[in-house]
Structure formats: structure tokens, C-alpha cells
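Below: the structure, in C-alpha cells.
The values are calculated or read from the model by the stated rules, or taken from the named source; none is laboratory data. Keep in mind that what you see is a predicted model, and the values were worked out from it rather than measured. Neighbour counts are summed over all protein chains in view; Cβ atoms, including those assigned to glycine, are modelled from backbone coordinates with ideal geometry. To get the accessible areas, we keep the full protein, side chains included, count just its heavy atoms, and leave off ligands, DNA and RNA. Shrake-Rupley method; radii C 1.70, N 1.55, O 1.52, S 1.80 Å.
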Amino acid sequence: MWEDADLQVYAHFNAKTRGYLKSVIDEALIEEHRRQPVGRHSEPLERLLAYFRRLPLSEQYAVKTEADGVFRIVRLSGLRGTPPKAVDETDHRTLEAAYHAIFLRQIDELMEKE
């Protein structure tokens, strides 16, 4: 019985969090991340990044460094022994560019959720 209540509260909390995060996403926030994807950020951007870090592994992305020095985005499987899968063949010249590309993907996915 309590387990069901816990899941309901967690689902409600996540829905409220997503609603808040969707309301703070704007061009200025995206530009802040583009200029500095790593380091200290404004409070709304920190909250958004913290939300993305708490997602289940199967909903997260990572950066893979290729032998030629370019960076590619992969999606984690969330299953032990199952390797990540490439999401596209885009070559990112810097790690920061790859981080920002992941950020933009996560925003798109967040906006699609209810």
C-alpha cells in the first residue's frame, strides 16, 4: 500500500518539476549553456541540469571520443553488459560542443513529456 503512495507522490513531484523546468527554458538559458556547458550556472540552469542527471540511465546520453579526435553522442542502455548506441553520425570538434548538443536533445525530450 505505501509503495503505491510513494510512486504516486514521486510521479506528482516529477510532473511539477517538469512543469517548472519547461517554464524557465528560453533562448537566454540555452545561450548560457552554449557559452559555458561546464562549471557554475544560474539557478534555473543548475536545476535543469540536476534534473537531467537524475534521469534513469536508459534516458541519458554520453560522449564518446573517436580515434580521430572527434566526439560523438551515444545513448546509454541502462543495462549491464549492453553497450551504448550512437544516436547519429554528427562529429563534434570540441567536448563542449558535444555537451551542448546533448543538452539540446534533452530539452527536446523534456518538452515532449507531459
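List of remarks:
- Scanning the range 95-102 turns up at least one residue that is within 15 Å of the chain's Cα centre (by Cα) and among the aromatic types (Phe, Trp, Tyr).
- Single unsatisfied condition, residue 69 versus (1) out of contact with any Ser or Thr (no Cβ under 9 Å at 6 or more places or on another chain); (2) open to solvent by 60 Å² or more (accessible area, probe 1.4 Å): (2)
- Pairs, first modelled with pLDDT of 95 or more in the range 42-53, second surrounded by 11 or more Cβ atoms within 10 Å (Cβ to Cβ) and among the acidic types (Asp, Glu), C-beta under 6 Å, six or more apart: 45/32
- Residue 50 being small (Gly, Ala, Ser), outside any loop (DSSP other than H, G, I, E, B) and under 15 Å from residue 96 (Cα atoms): no
- Residue pairs whose Cβ atoms lie under 8 Å apart, sitting 6 or more positions apart in sequence or on different chains, and linking a residue in the range 96-110 that is within 11 Å of residue 38 (Cβ to Cβ) and of a type outside the set (A, V, I, L, M, F, W, C) to a partner that is modelled with pLDDT of 95 or more and surrounded by 19 or more Cβ atoms within 10 Å (Cβ to Cβ), are 96/37; 99/37; 100/33; 100/37.
- Condition met for residue 40 (among the charged types (D, E, K, R), on the phi < 0 side of the Ramachandran plot and under 15 Å from the mean Cα position of the chain (by Cα)): no
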